[in-house]
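Undergrad: Quick one: the structure is below, questions incoming.
Read the figures in this text as sums done on the coordinates, not as results from a lab. Just so it is clear, the model here is predicted, and its values are computed rather than measured. Glycine also receives a Cβ, built like all others from the backbone with ideal geometry; neighbour counts cover every protein chain displayed.
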Amino acid sequence: MYISGFTFIRNAVKLDYPVREAIISVLPLVEEMVVAVGKSEDTTRELIESLGPNIRIIDTVWDDRLREGGKVLAEETNKALDAVSEKTDWCIYIQGDECIHEKYYDEIRTKMEKYKDNKWVEGLLFDYAHFFGSYDYLADSRSWYKKEIRVIKNLEGIRSYKDAQGFRRKGKKLRVKQIAAEVYHYGWVRHPKYQMAKLVEANKLWHSDAEVAGKFKAEEVFDYSTVDSVKTFEGTHPKVMQARIDAINWKFDRDPSVKTFSIKVKLLYAIEKYTGWRIGEYKNYKLLRGE
């Protein structure tokens, strides 16, 4: 079984992306790691080069005309996917602000082996843990996606979908198996100054510079207190994240009992917490039941 990892990145140092940690968290699972490195304004390429011999860099230039819906993110994802080895059976996708905890390695390997020759299974579905404000809290409102595909088979026609959140094959949703593993998403845990800078740059992938300038002030700091709901994180972080956690130099503290929901959202939130059912949940996949 040959496994490839793939991702894309640009300006990781400037915007304080934990891409080093993201890639290292995948390396124990793969024979190669393909990284599409966009032309950057910092030392991102040197950072990726430093991660070892299994890293294969694809130099790219982002097409900033593809702003609508974040299409450029899918295009860059596809550049990395297209560069994986022809002998690859499975591809593991990780974004620059995500990590796989080492406690899930055995589960991921076992399920890839189990479904490798099952022609119905096109991908593996992960749960998501969205950290917010600090490494001690998880955002848990309905606005955060619960699951997404992060392992796919190396099949003709699979492409990154819309803004690179998931994948489709020839325009159709992938058939996937749920596995007992989470992706840890750290996109909303960084110093408030860097979080605002990241927000400004991210919004430029959807909107014009003028629209972004009218909505955000790059010189300001991000206000984490506006979050509508969090819960305390009770687990452990991937070992590769420990240095970042130890270096945290800002304070975020929120009472998890405080919820700023409308009456409708409050009811939907209560139903989900009591039953596990998210009414109206968007699912970019077809979940296969049974074994």
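Undergrad: Go through the stretch 31-109 and name the GluC sites (Glu not before Pro) that are in a DSSP coil and have 12 or fewer other Cβ atoms within 10 Å of their Cβ. Walk me through the intermediate numbers first.
TA: Working: sites: Glu31, Glu32, Glu41, Glu46, Glu49, Glu68, Glu75, Glu76, Glu86, Glu98, Glu102, Glu107; in loops: Glu31, Glu41, Glu86.
Taking the stretch 31-109 and a limit of 12 other Cβ atoms within 10 Å, the loop GluC sites (Glu not before Pro) found are Glu41, Glu86.
Undergrad: Let me test this: with uniform point scatterers at the alpha carbons of the chain, what is the Debye-based log₁₀ I(q)/I(0) at q = 0.16 1/Å?
TA: Log10 of I(q)/I(0), two decimals: -1.51.
Undergrad: Out of the DSSP beta bridges found with both residues in the chain, what percent are antiparallel (nearest 5)?
TA: 45 percent
Undergrad: In nanometres, what is the gap between the two model label sites at Ser225 and Ser85, each 7 Å from Cα along Cα-to-Cβ?
TA: It works out to 5.3 nm between the two label points.
Undergrad: Turning to a different aspect of this structure: If packing is taken as the mean number of other Cβ atoms within 10 Å per residue, what is the order of 108-118, 264-274, 143-153, highest first?
TA: Put in order of decreasing packing, that is 143-153, 108-118, 264-274.
Undergrad: Would you please give the residues with an amide H less than 5 Å from that of Val183, counting only those at least 5 places away or on a separate chain, with H modeled from the backbone geometry?
TA: HN-HN under 5 Å from Val183: Asp127, Tyr128, Ala129.
Undergrad: Amide H neighbours of Glu98 under 5 Å, at least 5 residues apart or on other chains, H built in the peptide plane: list them.
TA: Answer set, sorted by chain and number: Tyr186.
Undergrad: Still on this structure: Could you run the Karplus curve 6.51 cos²θ - 1.76 cosθ + 1.60 with θ = phi - 60° over the stretch 52-69 and give me ³J(HN,Hα) per residue in whole Hz, x for Gly and Pro?
TA: x, x, 7, 8, 10, 8, 10, 7, 9, 10, 5, 8, 6, 6, 8, 7, 4, x
Undergrad: With each label point set 7 Å from Cα along the Cα-Cβ vector, what nm distance links Glu68 and Lys116?
TA: 4.3 nm
Undergrad: Each residue of the stretch 125-139 in turn: what ³J(HN,Hα) in whole Hz from Karplus with 6.51, -1.76, 1.60 and θ = phi - 60°, glycine and Pro shown as x?
TA: 9, 10, 6, 10, 10, 9, 6, 9, x, 8, 7, 9, 10, 10, 6
Undergrad: Considering only DSSP beta bridges with both partners in the stretch 116-274, what is the antiparallel share in %, to the nearest 5?
TA: Within the stretch 116-274, antiparallel bridges account for around 65 percent of the total.
Undergrad: Using alpha carbon centroids, what distance separates the stretch 92-168 and the stretch 1-79, in Å?
TA: First find each Cα centre; the distance between them is then 16 Å.
Undergrad: So how compact is the stretch 69-163: Cα radius of gyration and Dmax in angstrom?
TA: Spelled out, the Cα radius of gyration and Dmax of the stretch 69-163 are 14.9, 42 Å.
Undergrad: With N set to the number of residues, divide the alpha-carbon radius of gyration of the stretch 120-160 by 2.2 N^0.38 Å and report two decimals.
TA: Relative to the rule-of-thumb radius for its length, the stretch 120-160 sits at 1.56.
Undergrad: So if we plug the beta-carbon distance of Asp253 and Thr275 into 1/(1 + (r/R0)^6) with R0 = 22 Å, what FRET efficiency do we get, rounded to 0.05?
TA: Details: r = 30 Å, r/R0 = 1.37.
Result of the calculation: an efficiency of 0.15.
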